[in-house]
Amino acid sequence: MKPHLLLIDALNLIRRIYAVDANQKHYSDEQMIQTCSARVAHACKKLLNASNATHAIAVFDGDKSWRYHFYKDYKHSRAPMPQILKDALSHFKAAIEETGIVVFEPINDEADDIIATLAYKAASNQISNIVVSTDKGFLPHIGPYITVYDYFKKVYLDETSIKERFGVEKHKLVDFWALAGDKTNDIPGVKGIGTKSAQQIVNNYNSIEQAAEDESLSPSIKAKLIASMDMYVISKHLVSLRTDINLGFSLKQLRLN
C-alpha cells in the first residue's frame with residue numbers, strides 16, 4: 001500500500017470547534033472542554049477514515065516564530081486564545097493521540113511552516129498528502145501530491161476555487177497577498193494598494209519589478225509600488241510558508257498502527 005499522509009493544523013481545527021461549543025451556555029467549563037475535546041477526536045477519526053491515511057500528524061504552534069522577530073506587528077491585533085482553552089490544550093493533545101495520530105508541538109515554529117515542510121518533503125518523494133486547514137496560506141502549495149481540505153465546509157480546495165475566491169492564479173497568490181496585505185495576520189502589504197489594484201498588477205505582469213518599470217502603468221499605482229517596495233518584500237516573506245525546516249523526525253515515525 002502506497003503511503004498517504006494526513007497533516008492536521010491542530011489549533012485551526014480545535015479553535016473552530018471550540019468556538020461553537022463555547023456558545024453552549026448550559027455547559028460548565030469542564031463539561032464544555034470534555035465535549036469539545038471529544039468532538040475534536042471524532043473529527044480526527046472521520047479524517048483518518050475519509051483519507052485512508054497510512055501516516056498522520058497533528059501539528060500545534062510553538063512559541064513565537066521567526067515572523068514575530070522579523071516584523072514586530074505580526075498578528076498584533078489578533079485576539080489571544082481564550083484562557084480556558086489554553087489551559088486545556090493538554091486534554092486536546094491526549095484526545096488526538098488516542099486516535100493514533102502523532103501530536104507534534106515545535107519549540108518556536110508555527111504549525112503552518114511545519115506542515116508546509118512535511119507536505120513539500122512528502123511530495124518531493126511522490127507521497128500524496130492532505131492538509132486539513134482553513135488557513136489560506138497553504139493554497140499556493142496545492143499540486144499533484146498536495147491537497148488542502150476544509151473540514152468545516154467538507155470541500156477540497158483546488159485551483160478553480162482559488163481563482164474564484166481571490167481573482168488570481170494559484171502561483172500568483174503570494175505576490176497578491178504581499179501587495180494587498182492580510183488584515184487577519186496584520187501583514188501590511190503596499191500602502192494604498194487594495195485588492196483590485198493587486199489583482200490588476202499580478203494578472204498583467206510577470207513580476208512586481210516589471211510592473212514598477214512599465215511606463216503605461218497608472219502613475220499613482222507606480223508611485224505607490226516604488227515608494228513601498230521594502231514593505232512588499234517584507235510582506236512577501238511573511239506570507240510565504242517555509243518548506244525547509246529541520247524536523248528531527250522521519251515519515252516512518254508517523255505511521256498509523
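The values are calculated or read from the model by the stated rules, or taken from the named source; none is laboratory data. Everything numeric here is computed off the predicted structure, so don't read it as measured data. Here the Cβ positions follow ideal geometry from the backbone for every residue, glycine too, while neighbour counts run over all protein chains shown. Surface areas here come from the heavy atoms of the whole protein model, side chains and all, with no ligands, DNA or RNA. Shrake-Rupley method; radii C 1.70, N 1.55, O 1.52, S 1.80 Å.
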Practice task
Take the chain, connect every pair of alpha-carbon atoms lying under 10 Å apart with a spring to form a Gaussian network, then pick out the residue of F176, F104, F138 with the largest mean-square fluctuation.
Solution key: F104
Problem - Over segment 1-150, volume per residue of the alpha carbon convex hull, in Å³ - result: 118
Practice task
Leaving out ligands and nucleic acids, note down the accessible area per residue over segment 101-257 with a 1.4 angstrom probe, in whole Å².
Solution key: 51
Fill in the blank from the handout: Filtering the chain for DSSP H helices with an axial alpha carbon extent of at least 27 Å and a Kyte-Doolittle mean of at least 1.6 returns none
Practice task
Please work out the Cα center distance from segment 10-29 to segment 171-204, rounded to the nearest Å.
Solution key: 32
Completion exercise
Burial-style ranking of 242-255, 221-234, average other-beta-carbon count within 10 Å with highest first, yields 221-234, 242-255
Fill in the blank from the handout: Binned at 10 Å starting from 0, the alpha-carbon pair-distance distribution of segment 129-257 in whole percents comes out as 12, 37, 30, 15, 5, 1, 0
Handout entry: Among A211, A111, A198, residue whose mean-square fluctuation peaks in a GNM of the chain (springs only between Cα atoms under 10 Å)
Key = A211
Handout entry: Accessible surface of Y18 - all protein chains present, 1.4 Å probe, nearest 10 Å²
Key = 20
Handout entry: Accessible surface of segment 135-219, 1.4 Å probe, proportion on carbon and sulfur as whole %
Key = 50
Fill in the blank from the handout: The whole-number value in µm²/s of the Stokes-Einstein translational diffusion coefficient for the chain, with Rh from the Kirkwood sum over alpha carbon pairs at 20 °C and 1.002 mPa s, is 109
Practice task
Enter the accessible area per residue of segment 1-67 (Å², integer; probe 1.4 Å; all protein chains in place).
Solution key: 49
Practice task
Can you figure out the FRET efficiency of K252 with I107, using R₀ = 22 Å and their beta-carbon distance, to the nearest 0.05?
Solution key: 0.50
Practice task
Measure off, as a whole percent, the carbon and sulfur share of the 1.4 Å-probe accessible area of segment 1-130, all protein chains present.
Solution key: 49
